[in-house]
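What follows is a single structure, written as structure tokens, with notes after it.
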Amino acid sequence: MSGGVKVILFAGLLGVVFAAAVGVGAAFDPDPGNEGEAASGGGHGEDAGGGAHATGSDAAGGHGAGASDTELRLVPAQTRFAAGEGNDFDFEIVDADGRTVKDFDVEHERRMHLIVVRRDLTGFQHLHPRQDAHGGWSTPLRFATGGTHRVFADFASKGESQTVSADVEVAGDYEPRELPHPERTATTDSGYEVRLDETNGETRFTVFRNNRRIEDIDPYLGARGHLVALREGDLEFLHVHPVSKATEGSDIRFEVEYPSDGRYRLFLQFKVDGEVHTAAFTREVGDARHGH
Ligand SMILES: [Cu+2]
């Protein structure tokens, strides 16, 4: 790559952004201790098989798998928050008739994945709420800055993967940021360098520290890593499939379905030495540059 100075400057900037973003996530994501989920286990087998949740109703058994099944909504108990304060974020998933959805399948080793991001694609957090006896969900959540944030619930119910979202308003300081320019490498706040390559339709990430490749990446959520991809502007949540299995060496590979030209932000999370690290990349698809 040319322009060494520019790249270094950019990497420095990324470091700052990640420090802010990941610091919050690390403090509140119950993942590191792996303790958060047991409570919601209920009677369902929460083995690592992921998706092996046998309900026995594969086909549209009786209850029509019609429109109501796909028109789920995320309903937060509260949509106004203040930056810097720790809160409980409570929400329900409701169907078209307003009924609380209670049955969720295990997907990526969890029943519910909550992704939080500011509208300008900073402040990324990935949390695992607990379900209460009435079907509602709750997780500790703290917003580092003000601004409109979007909250995505990513889950599977009745065998169908879904992502639903809602916006919440956070009072406090807010300075909108431009999406960083696309770069091949990103640095986590914890000092890992991650390189992004794309070959044969696969998006592959390689992790380095002090210029040495990290070979022993821990399994995380049933794969080598977890990837969230969002489109700039409307925050369309992309469908991403891990290619490499949890037991398959050091590769972190995904198939990412880009639905259109545009600019996207990729948030890769991976686990090394028991800690989850986040690296973010900007990805331009097609002729998405400004001023063309
Ligand atoms: Cu998750």
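Structure data summary
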item	result
Complete set of residues in the stretch 184-230 that are of a type in the set (D, E, K, R), within 16 Å of the ligand (Cβ to nearest atom) and over 15 Å from Arg253 (Cβ atoms)	Asp218
Among residues of the stretch 201-253, those that are polar (S, T, N, Q) and closer than 23 Å to Thr122 by Cβ, counted	1
Hits in the stretch 109-139 - residues which are away from the ligand (no atom under 16 Å from the Cβ) and buried (at least 20 other Cβ atoms within 10 Å of the Cβ)	Arg118, Leu121, Thr122, Gly123
Number of the exception - Arg150 against (1) farther than 16 Å from Leu235 by Cα; (2) touching a Ser or Thr at 6+ places or on another chain (Cβ under 8 Å)	(1)
Any hit, the stretch 206-215, residues being surrounded by 19 or more Cβ atoms within 10 Å (Cβ to Cβ) and within 30 Å of Glu92 (Cβ to Cβ)	no
Members of the stretch 185-203 found to be on the phi > 0 side of the Ramachandran plot and in contact with a strand residue (DSSP E or B) (Cβ under 8 Å, 6 or more places away or on another chain), listed by number	Gly191, Gly201
Residue in the stretch 163-184 that is part of a strand (DSSP E or B), at pLDDT 95 or above, among the basic types (Lys, Arg) and in contact with a strand residue (DSSP E or B) (Cβ under 9 Å, 6 or more places away or on another chain) present	no
Selected residue [of a type outside the set (Asp, Glu) and in contact with an Asp or Glu (Cβ under 7 Å, 6 or more places away or on another chain)] from Pro176, Pro219	Pro176
Given (1) over 28 Å from Ala82 (Cα atoms); (2) in contact (Cβ under 8 Å) with a residue 40 or more places away in the chain, index of the condition Ala144 fails	(1)
Subset tally (residues that are of a type in the set (Ser, Thr, Tyr), in contact with a Lys or Arg (Cβ under 7 Å, 6 or more places away or on another chain) and either at pLDDT below 90 or within 24 Å of Val164 (Cβ to Cβ) (or both)) for the stretch 238-292	2
Filtered residues of the stretch 189-224 (kept if within 12 Å of Val276 (Cα to Cα), in a strand (DSSP E or B) and among the aromatic types (Phe, Trp, Tyr))	Tyr220
Tally of residues being surrounded by fewer than 19 Cβ atoms within 10 Å (Cβ to Cβ) and closer than 30 Å to Glu175 by Cβ across the stretch 151-163	1
Hits in the stretch 95-108 (condition: near the ligand (Cβ under 10 Å from one of its atoms) and out of contact with any Pro (no Cβ under 9 Å at 6 or more places or on another chain))	Glu107
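The values are calculated or read from the model by the stated rules, or taken from the named source; none is laboratory data. Being a predicted model, the structure only gives us computed values, none of them experimental. No Cβ is skipped: glycine too gets one built from the backbone with ideal geometry, and neighbour counts run over all protein chains shown.
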